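Here is the structure we will look at.
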């Protein structure tokens with residue numbers, strides 16, 4: 001665990017060593033606030049909850065998370081420092097997990113900085129803060145799912161732009177799988193895949209959390225999803241570290 005935390009601390013410190021991290025956080029906060037209050041109709045709904053915010057988070061993370069993960073391994077491979085990293089007295093899986101946890105902690109910080117929304121909704125009404133906490137937990141799981149995908153795809157290429165585009169495309173598939181448009185299309189043409197698509201949709205899984213329902217099935221899904229992609233990440237690093 002000490003090795004994992006050492007890698008995570010190094011990576012997290014690297015984020016804030018440049019203005020890039022601050023730019024990402026500011027963009028996330030501005031967009032989340034704008035979408036929640038304008039398109040989400042926060043005031044017009046007349047309901048003291050953060051449902052509009054939780055509805056937009058998966059789509060905001062769809063672009064911001066790949067921007068974080070695109071450099072995790074692609075930059076290491078481009079600079080040739082991946083060999084140096086993996087010759088340190090740590091296991092390969094510890095490096096993979098450490099990088100992932102650093103990126104996850106960064107997303108958690110970005111989410112935590114949306115606390116003015118929680119204060120606002122408590123000032124305007126009497127919300128169920130347990131439901132809000134469950135929604136934030138769901139958002140953190142969504143971020144972790146996207147990060148695991150982006151990290152694996154970053155390890156597959158030396159080009160950060162390619163890593164970003166691939167991560168956005170794959171994450172979009174898992175985000176849109178539960179949308180009504182995709183569901184209606186599959187119901188008409190491929191009904192056998194309809195339930196499968198809903199089952200792997202991160203937006204459908206988040207919907208339960210945003211209602212305050214922390215289902216063991218949803219938690220297991222997210223943990224399994226992240227575990228699968230992190231395992232794939234480790235295999236890709238092992239196969240391409242000398243490429």
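The values are calculated or read from the model by the stated rules, or taken from the named source; none is laboratory data. All figures in this text were calculated on a predicted structure; none of them were measured in a lab. Every residue, glycine as well, gets a Cβ built from its backbone with ideal geometry; the counts of neighbours run over all protein chains shown.
Quick notes on this one:
- Helices (runs of 4 or more DSSP H) completely within the stretch 1-83 that count 3 or more residues being closer than 26 Å to residue 127 by Cα: 19-37, 51-69
- Within the stretch 218-243, being loosely packed, with under 15 Cβ neighbours inside 10 Å and either modelled with pLDDT of 90 or more or in contact with a strand residue (DSSP E or B) (Cβ under 8 Å, 6 or more places away or on another chain) (or both) holds for 220, 223, 224, 227, 228, 231.
- Taken as a whole, the stretch 118-135 holds no residue that is under 22 Å from residue 10 (Cα atoms), modelled with pLDDT of 90 or more and either under 15 Å from the mean Cα position of the chain (by Cα) or not in a helix (DSSP H, G or I) (or both).
Here's the yes/no breakdown for (1) surrounded by 13 or more Cβ atoms within 10 Å (Cβ to Cβ); (2) farther than 30 Å from residue 94 by Cβ; (3) touching a residue at least 60 places away in the same chain (Cβ under 8 Å); (4) in contact with a helix residue (DSSP H, G or I) (Cβ under 6 Å, 6 or more places away or on another chain):
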| site | (1), (2), (3), (4) |
| --- | --- |
| 23 | no, no, no, no |
| 40 | yes, yes, no, yes |
| 44 | no, yes, no, no |
| 48 | yes, yes, yes, yes |
| 52 | yes, yes, no, yes |
| 57 | yes, no, yes, yes |
| 65 | yes, no, yes, yes |
| 72 | yes, no, yes, yes |
| 75 | yes, no, yes, no |
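- Taking the numbered list (1) surrounded by fewer than 24 Cβ atoms within 10 Å (Cβ to Cβ); (2) part of a helix (DSSP H, G or I); (3) in contact with a helix residue (DSSP H, G or I) (Cβ under 6 Å, 6 or more places away or on another chain) in turn, residue 154 passes all entries but (1).
- Single unsatisfied condition, residue 112 versus (1) modelled with pLDDT of 90 or more; (2) closer than 25 Å to residue 171 by Cα; (3) surrounded by 14 or more Cβ atoms within 10 Å (Cβ to Cβ): (3)
- Looking at 106, 100, just one residue is modelled with pLDDT of 75 or more, closer than 21 Å to residue 23 by Cβ, within 16 Å of the chain's Cα centre (by Cα) and assigned to a helix (DSSP H, G or I), and that residue is 106.
- Looking at 200, 149, just one residue is under 28 Å from residue 99 (Cα atoms) and modelled with pLDDT of 90 or more, and that residue is 149.
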